[in-house]
Amino acid sequence: MTTLEIRDLHVSVGDGADGTKEILRGVDLTVRAGETHAIMGPNGSGKSTLAYAIAGHPKYTVTSGSVTLDGEDVLEMSVDERARAGLFLAMQYPVEVPGVSVSNFLRTAVTAVRGEAPKLRDFAKEMKGAMDALAIDPAFAQRSLNEGFSGGEKKRHEILQLEMLKPKIAVLDETDSGLDVDALKVVSEGVNRFGSTGDTGVLLITHYTRILRYVKPDFVHVFAGGRVVAQGGPELADELENEGYEKYVKAGASS
Ligand SMILES: Nc1ncnc2c1ncn2[C@@H]1O[C@H](COP(=O)(O)OP(=O)(O)OP(=O)(O)O)[C@@H](O)[C@H]1O
Ligand SMILES: [Mg+2]
């Protein structure tokens with residue numbers, strides 16, 4: 001059974017010129033297949049840093065701790081190898097790539113992950129099916145990757161990638177930001193569809209409880225000061241909605 005295990009992870013950012021700053025200060029987290037985890041926390045608490053570190057972004061240096069997927073050392077893997085191993089990361093701020101269409105990007109990504117290029121006709125059919133399910137306009141396939149995408153288009157595109165790439169573990173950073181109610185429902189349904197197969201795990205990063213009305217997490221982790229300071233079930237999200245992060249921010253700073 002698929003398990004992503006993060007142990008005592010410390011991550012710093014910066015190349016030393018303006019000093020190196022420790023952002024993650026000992027994160028412990030285990031995500032198993034069939035589980036949906038929400039990470040919630042205030043701005044600047046290190047949520048995106050955790051996502052980048054898992055994905056292998058070169059700016060973020062792991063100074064100690066471990067990340068394993070089914071016992072394999074993720075930190076030893078290249079970014080490509082992580083994707084092939086079954087990790088998927090949807091960024092809070094995806095990169096624009098003019099001249100590369102959504103369709104070309106997806107086919108390249110699918111080829112990399114599956115280890116062989118899908119037949120063009122099969123791929124087109126598969127992509128159309130996934131786009132229909134997400135209520136994405138067919139013309140979208142020919143747009144340049146992320147260029148001029150609205151907030152909602154970016155997020156639907158994330159879920160489209162999820163449907164096509166079928167990773168084992170999906171890390172979704174701020175998947176609910178910039179979505180109107182209809183788009184929020186479509187995206188949430190996509191996340192639920194993905195998470196409900198039983199073979200896949202979801203790590204959903206957010207600071208709003210809005211999406212949690214549609215995606216029910218099994219576990220909620222509160223992030224503050226670069227570590228997990230509290231854990232609970234879905235009821236913890238309701239408490240955060242009512243009371244905010246204040247008491248957790250204090251706990252994160254003082255420990
Ligand atoms: N590349 C970077 N260079 C310098 N500082 C960085 C970098 N990335 C992150 N940081 C700093 O690390 C801290 C945590 O940032 P991070 O983006 O992980 O927070 P977050 O919890 O995702 O916040 P938000 O809720 O606003 O998305 C912030 O103080 C941020 O300025
Ligand atoms: Mg963030």
**Test for Lys155: is it surrounded by 15 or more Cβ atoms within 10 Å (Cβ to Cβ), among the charged types (D, E, K, R) and in contact (Cβ under 8 Å) with a residue 12 or more places away in the chain** = yes
**Prompt:** of a type in the set (A, V, I, L, M, F, W, C) and farther than 23 Å from Phe88 by Cα - does that describe any residue in region 216-226?
**Reply:** yes
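Just name the residue that is farthest from the chain's Cα centre (by Cα) out of those in region 49-72 that are among the small types (Gly, Ala, Ser) and within 16 Å of ligand 2 (Cβ to nearest atom).
Initially, region 49-72 is screened for residues among the small types (Gly, Ala, Ser), giving 51, 53, 55-56, 64-66, 71.
In the following step, the residues that additionally are within 16 Å of ligand 2 (Cβ to nearest atom) were identified as 51, 53, 55.
Working: Ala51: 6, Ala53: 11, Ala55: 9 Å.
Among residues in region 49-72 that are among the small types (Gly, Ala, Ser) and within 16 Å of ligand 2 (Cβ to nearest atom), the one farthest from the chain's Cα centre (by Cα) is Ala53.
Of everything in region 153-212 that's within 16 Å of ligand 1 (Cβ to nearest atom) and small (Gly, Ala, Ser), which residue is modelled with the highest pLDDT?
Residues of region 153-212 that are within 16 Å of ligand 1 (Cβ to nearest atom), as a first pass: 154-155, 158, 171-179, 203-212.
Then drop every residue that is not small (Gly, Ala, Ser), which leaves 177-178.
On the way: Ser177: 70, Gly178: 73.
This residue is Gly178.
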**Fill in**
Taking region 104-146 and keeping residues surrounded by fewer than 13 Cβ atoms within 10 Å (Cβ to Cβ) and assigned to a loop (DSSP other than H, G, I, E, B) leaves Gly115, Glu116, Ala117, Lys119, Ala135, Asp137
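The values are calculated or read from the model by the stated rules, or taken from the named source; none is laboratory data. Since this is a predicted model, take the numbers as computed values, not measurements. All Cβ positions, even for glycine, are placed from backbone atoms using ideal geometry, and neighbour counts span all protein chains on display.
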